[in-house]
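These notes are about the structure you will find just below.
The values are calculated or read from the model by the stated rules, or taken from the named source; none is laboratory data. What you see is a predicted model; the values in this text were computed from it and never measured. All Cβ positions, glycine included, derive from the backbone under ideal geometry; neighbour counts span all protein chains shown.
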Amino acid sequence: MQKEKFDAIVVGAGPAGTTSALIMAKAGLSVALLERGDYPGAKNMYGGAIYRWPLELIVPDFAEKAPIERRIVDHRFMILSKSSGFNFSFKNLSFAQPPYNAFTTLRAKFDLWYAKLAEEAGALLATSVSVTDLIWDGKKIVGVRAGKGSENELYGNIVIAADGANSKLAIQAGLRHPLRPEEVALGVKEILELDRKIIESRFNLGENEGVAIQALGVTHGMMGGGFIYTNKNSLSIGLVVLLEHLIKSKIRPYDLLDEFKRHPLIEPLIEGGEPKEYSAHLVPESGYYGIPKLYTDGLMVVGDAASLTSSIYQEGVNMAIESGIYAAKAAIKAKELGDYSSNTLSYYEKLLKSSYVMKELYQLKDLPKIFRDNPRLFSIYPDLINYVMKELFSMDGELRRVKSKKIIKMIRQRVGFSKLLLDLIKARKIFSY
Amino acid sequence: MSKAGLKIIVCIKQVPAVQDIKIDPITHTLIRESMPSMLNPWDEIGVEEGIRLREKYGGEVTVITMGPMQAKEAILRCLAMGADRGIIISDKALAGSDTIATAYALYMQIKKMEYDLIICGKISTDSETGHIGPHLAELLNIPQICYVKKVDLDIEKRRIIAHKEADGGIEIVEAPLPALMTTTIGLNEPRLPTLKGIISSKRKEVKVVTAKDLGGSLSNYGLRGSPTFVDEVFEPPSRKPEMIFQGDPKEAVEKIVQVLLNKKLISSRS
Amino acid sequence: MLERSEEIPNHKGIWVFTEQIDGKLKNVGLELLGAGRKIADKLGEELVAVLLGHDVNGLVKDLGAYGADKVILVEHELLKQFTVDAYTKVLAELSIKHKPSVFFIGGTLNGRELAPRLAARLNTGITSDCVDFDINSDGHLIHVKPFGKLMAKIICKTRPQMATAKPNVFKKLEPNWDRRAKIVREEVKINPEDIRTKILGRVEANKNPYGSIEDADVIVAVGKGLCSKENLKLIQELADLLGASVACTRPTVDRGWLPSSQQVGQSGKTVSPKLYIAIGISGAMYHTVGMKNSDIIIAINKDPKAPIFQIATYGVVGDLFKILPLLIDRLKKEVKEVKLRITAKDTQKRIN
Ligand SMILES: Cc1cc2nc3c(=O)[nH]c(=O)nc-3n(C[C@H](O)[C@H](O)[C@H](O)COP(=O)(O)OP(=O)(O)OC[C@H]3O[C@@H](n4cnc5c(N)ncnc54)[C@H](O)[C@@H]3O)c2cc1C
Ligand SMILES: Cc1cc2nc3c(=O)[nH]c(=O)nc-3n(C[C@H](O)[C@H](O)[C@H](O)COP(=O)(O)OP(=O)(O)OC[C@H]3O[C@@H](n4cnc5c(N)ncnc54)[C@H](O)[C@@H]3O)c2cc1C
Ligand SMILES: Nc1ncnc2c1ncn2[C@@H]1O[C@H](COP(=O)(O)O)[C@@H](O)[C@H]1O
């Protein structure tokens, strides 16, 4: 057999890789999309929600066609202490109407559906392929290897590393270092099967409507939080915690998840849910400063592999897709020019720089550090808010004036006003560029 | 045997990769769509053996399955391992087939083909009947050798020689070709598809066959053609612990022995 | 192909193929006589044992004692050893001649090879691995068998209604040695050419030191709670006392304590013995899917919250290193013999 060569080899059929493959295939490039799972999505997990944009740029009618669980109409926040919670919610009924805004989906279904589109567009999707190495010709990357022997080699003009957080390929290409514990969070999640009617009445939802819940104060002060998403017949419940903190605390992630599930305000929400699936996954948390060099001769890095995520808003899929679009555009241009050197591929970086992804991550660039160094956010403040609320709402014959004094004393004890002020200033900085 | 060498047919089946299978409340049949699935492990061994025999004697390995179109994934896996081509018999009219109707559909297809050896799995992990192999051998009126642990062919004499599991040991048996054999775990270690194998599998032929293509009366297929049907599905009475014992180990041992005695699993000396 | 027989009234009689090997009856055939007796009585039909072999008429009285009204006996040189070709031919001809309504075949290796071939020749339905039988209002046999997590009732529209059952699922009747079965000898022509699959010889199988788990009646299973490979001695001793096979969880395989042939669960084997003793096993779903259908589950675990206690029939909370030595001691001292062994011997005695 002669040495087969593709225009582009995409490693990883997550949202980033599939997007690139789809766009390149549509433009007539010969594309191999390699995925280590038995099928795309088999091993992938995330919290639960994708946004309309930028997916609609690629698949305008995806809201009808994609395997969507529910349309999110209600975003809830729960700031929890041991046995109480300060909760608020934003519900917008226009989110229940086209064009909608955000959707819960299950990756096992979504990624599969999406990759099939790339396949239909002409990309050759090969599953159960775990890429182990890059193949080099001098300092140029010319292919990938998935095991020993020539039977496991594949050649291409461009390799797109879309292999997710801690990208093996980007590391091998010398573009990045392995993620350090302070740069990455561990997400753990369970899917609990529950009757759709129960979900709808329990969360006050119409048919096909869904809710996304973020919870703070459930991580023993570690940077991170909990989440619940409603799917059609199931709930996704999980936690994301900075790996560094997790290692230090010696708390086992599933114990933490168990504790979250048993929180008195959470338990009734998931009652009767039958555990179906348990999974764990890494999320890059380093933000703007963690973004590696994005290309080299014959290779580009997209999505999580390039640490393109924004943790506080639980965004990642949208950024993966957007970066995938630009990498594909650069590849198409490279093919036109017949030049696959970093010279041409720098076009990818140029496009990304003026995109939503980079601008947004730049704005939030200080956030990861602020969060990481501030355990107050994840336990003391939630406790305090709950304490304040309890004092304000409880009637026990004590004058409000006395209560305020108690509150002030408590704040002084637990944080101190200077720190509180500093935290407030930082918080303002984050949200009001 | 034709000039082109051995013609081997491997019957394969896609099975759910999870134990938690779902059952259609109306037809009482397995819901196979949209569940994570895999190639029945015994069939994977069958494909491997087919490829090894081909590598030894030359020829062609065809894999064949009857099932929903999703089962094409399982065919592709076999092609990636090295099988030459695939056939999927897929049609709504075939839904609800029991083992007799399944074997009949396979028979209608296979009897039109050339074959020297047919390989089936000992059982499939979802229906676990192990019926199809013997059914099919009977319909084709060829000898069968079940539970094969080792196999070779005598090409000159057109015979198959196999070691098979039997009660109390291994039997060495022989039969003329064409014949049908079923696999056991341990017959071989199936190979993992290589990257090139996977890529080339995408370009191999997978023929789709409908009930009409099979020919014969439609009433022989699917639920209608099945002598058996599932009349009712019920939840087995759930088991609640009869006893949880917490305390002195001596007493605990006493309790266990009591259970064994009561259930007549052991009998007492006294 | 034979025309399908749906003329139900023409078919009468509950047949059981009572397999013998080297002149010894297989237990499962006797067990099916037990199951068949109930059905025969309900329908008011005859319970017929079908016995094939060479020089096996001595077994007829056993078949009577275990419940058969009648024994159809075919003796022939070429039936001495089981071959699927000869046995299928004889049983098919008998069935076509006598038109039974029900035909049970024990799920031994031979039975599982024979039954589906015979069903295809008779062009009738067959249900494997039944665990219960009943009769519905139309007079059809209800075959009860596991179906995923659930149980299914299966009906067969054609005759005979064929079924197999695994050994140890049904109970033998208490033998009544005063009962005599009618003998009907049948002649069937068999030529050497009819037997296409020829037996050239036999090799004794390498014995698996831990015992095969798929068809074991008693399984002693261990998990990571065992702590080290050395402690397997304890488990083996208990297993030997109970005549049990040894099974295990995945982590014990990963650690190289036991071979993967013994692993039970999602990525291992599925077992359904009469007794499953789970020792130092937490009871993760991935493990329990492979054993939750066991008749009796005894769990020994020091953690009272271990999920294994949710599916155990009997749970013992405690340290296995304290409990096992005591249990082994007690079994050695006080217990005469393992019941399952007794039954095996006892039938052998009678049969010889
Ligand atoms: C707990 C958690 C909650 C999250 N919640 C959200 C949310 O609600 N909304 C949101 O938008 N984002 C969320 N994210 C982030 C989001 O999941 C990621 O940003 C997004 O999946 C990145 O897409 P990707 O294609 O870059 O990588 P991935 O989705 O990780 O895809 C990488 C693919 O590459 C494959 N692969 C890896 N290595 C190899 C190899 N060597 N060979 C072949 N294939 C390989 C993998 O199997 C995988 O299919 C969450 C993440 C976590 C962990
Ligand atoms: C995809 C997948 C497939 C899997 N497939 C399988 C499978 O096929 N089979 C399988 O078994 N697992 C499988 N697993 C693993 C499974 O999830 C569990 O990890 C495993 O079953 C646990 O094994 P264990 O009970 O031996 O170990 P553990 O969970 O570590 O439990 C050990 C138990 O021993 C108890 N113990 C410790 N010391 C003592 C003592 N002195 N006395 C009494 N009790 C003691 C402890 O309380 C604990 O409950 C799979 C997992 C995955 C993700
Ligand atoms: N639908 C099917 N299509 C092709 N082969 C099958 C099918 N079902 C079963 N088989 C074959 O029969 C064997 C035994 O399966 P079963 O009788 O379902 O236990 C399998 O290992 C396959 O080789």
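For the reader, a short list of remarks on this structure follows.
- Test: residue in segment B:150-159 that is surrounded by fewer than 24 Cβ atoms within 10 Å (Cβ to Cβ) and within 16 Å of ligand 3 (Cβ to nearest atom): yes
- You will find that of A:G225, A:G206, the residue that is touching a Ser or Thr at 6+ places or on another chain (Cβ under 7 Å) and of a type in the set (G, A, S) is A:G225 and no other.
- Among the residues of segment C:242-290, the ones that are modelled with pLDDT under 90, of a type in the set (V, I, T) and within 14 Å of C:K224 (Cα to Cα) come to 1 in all.
- Scan of segment C:249-306 for residues that are of a type in the set (A, V, I, L, M, F, W, C) and either more than 10 Å from ligand 2 (Cβ to nearest atom) or in contact with a Cys (Cβ under 9 Å, 6 or more places away or on another chain) (or both), ordered by number: C:W257, C:L258, C:V264, C:V271, C:L275, C:I277, C:I281, C:I296, C:I297, C:I298
- Looking across segment A:120-155, the residues that are in contact (Cβ under 8 Å) with a residue 40 or more places away in the chain and either within 21 Å of A:D38 (Cβ to Cβ) or outside the structural domain of A:S30 (by TED's automatic domain parsing) (or both) come down to A:A123, A:L124, A:L125, A:A126, A:T127, A:S128, A:V129, A:S130, A:V131, A:V144, A:A146, A:L154.
- Residue tally, condition at pLDDT 95 or above, more than 10 Å from chain B (Cβ to nearest Cβ) and more than 21 Å from C:G53 (Cα to Cα), over segment C:98-142: 7
- Top-ranked residue in segment A:46-70 [being over 20 Å from A:I23 (Cβ atoms) and more than 14 Å from chain B (Cβ to nearest Cβ); ranked as farthest from ligand 1 (Cβ to nearest atom)]: A:E64
- In segment A:167-224, the residues that are surrounded by fewer than 20 Cβ atoms within 10 Å (Cβ to Cβ) and of a type in the set (S, T, N, Q): A:Q172, A:S201, A:N204, A:N208, A:Q214
- Unique residue being basic (K, R), away from ligand 2 (no atom under 16 Å from the Cβ) and at pLDDT below 95 when the list is A:K232, A:K250, A:K261: A:K250
- Condition broken by C:Q236, with the remaining ones in (1) in contact with a Phe, Trp or Tyr (Cβ under 9 Å, 6 or more places away or on another chain); (2) among the polar types (S, T, N, Q); (3) within 14 Å of ligand 2 (Cβ to nearest atom) satisfied: (3)
- Criterion (crowded, with 19+ Cβ neighbours inside 10 Å, more than 14 Å from chain C (Cβ to nearest Cβ) and in contact with a helix residue (DSSP H, G or I) (Cβ under 8 Å, 6 or more places away or on another chain)) met by exactly one of B:G96, B:G86: B:G86
- The numbered conditions (1) surrounded by 19 or more Cβ atoms within 10 Å (Cβ to Cβ); (2) within 19 Å of the chain's Cα centre (by Cα); (3) of a type outside the set (D, E); (4) more than 8 Å from every other protein chain (Cβ to nearest Cβ) are all true for B:G130 except (4).
- Going through (1) away from chain B (no Cβ under 13 Å); (2) at pLDDT 95 or above; (3) within 16 Å of ligand 1 (Cβ to nearest atom) one by one, A:V11 falls short only on (1).
- Within segment A:117-172, the set of residues being closer than 13 Å to A:T18 by Cα and polar (S, T, N, Q) comprises just one member, A:T127.
- Residue count for segment C:144-189 satisfying the condition of being in contact (Cβ under 8 Å) with a residue 40 or more places away in the chain, among the basic types (K, R) and crowded, with 17+ Cβ neighbours inside 10 Å: 3.
- Contact annotation: residue pairs with Cβ atoms under 9 Å, 6 or more positions apart or on different chains, pairing a residue in segment A:332-344 that is at positive phi with a partner that is not in a helix (DSSP H, G or I), are A:G338/A:N157.
- Strands (runs of 3 or more DSSP E) (entirely within segment A:95-201) containing at least 2 residues that are away from every other protein chain (no Cβ under 14 Å) and out of contact with any Leu (no Cβ under 9 Å at 6 or more places or on another chain): A:102-105, A:133-137
- If you go through segment B:133-161 and pick out every residue that is away from chain C (no Cβ under 11 Å) and under 26 Å from B:S37 (Cα atoms), you end up with 1.
- The residues listed here are C:D134, C:D138; of these, the one that is among the acidic types (D, E) and within 22 Å of the chain's Cα centre (by Cα) is C:D134.
- Scope segment B:164-179; condition more than 7 Å from chain C (Cβ to nearest Cβ), touching a Lys or Arg at 6+ places or on another chain (Cβ under 7 Å) and closer than 25 Å to C:P167 by Cβ; matching residues: B:K164
- Test: residue in segment A:317-332 that is closer than 20 Å to A:D7 by Cα, away from ligand 3 (no atom under 16 Å from the Cβ) and of a type in the set (D, E, K, R): yes
- Residue in segment A:130-144 that is away from ligand 2 (no atom under 16 Å from the Cβ), under 20 Å from the mean Cα position of the chain (by Cα) and of a type in the set (D, E, K, R) present: no
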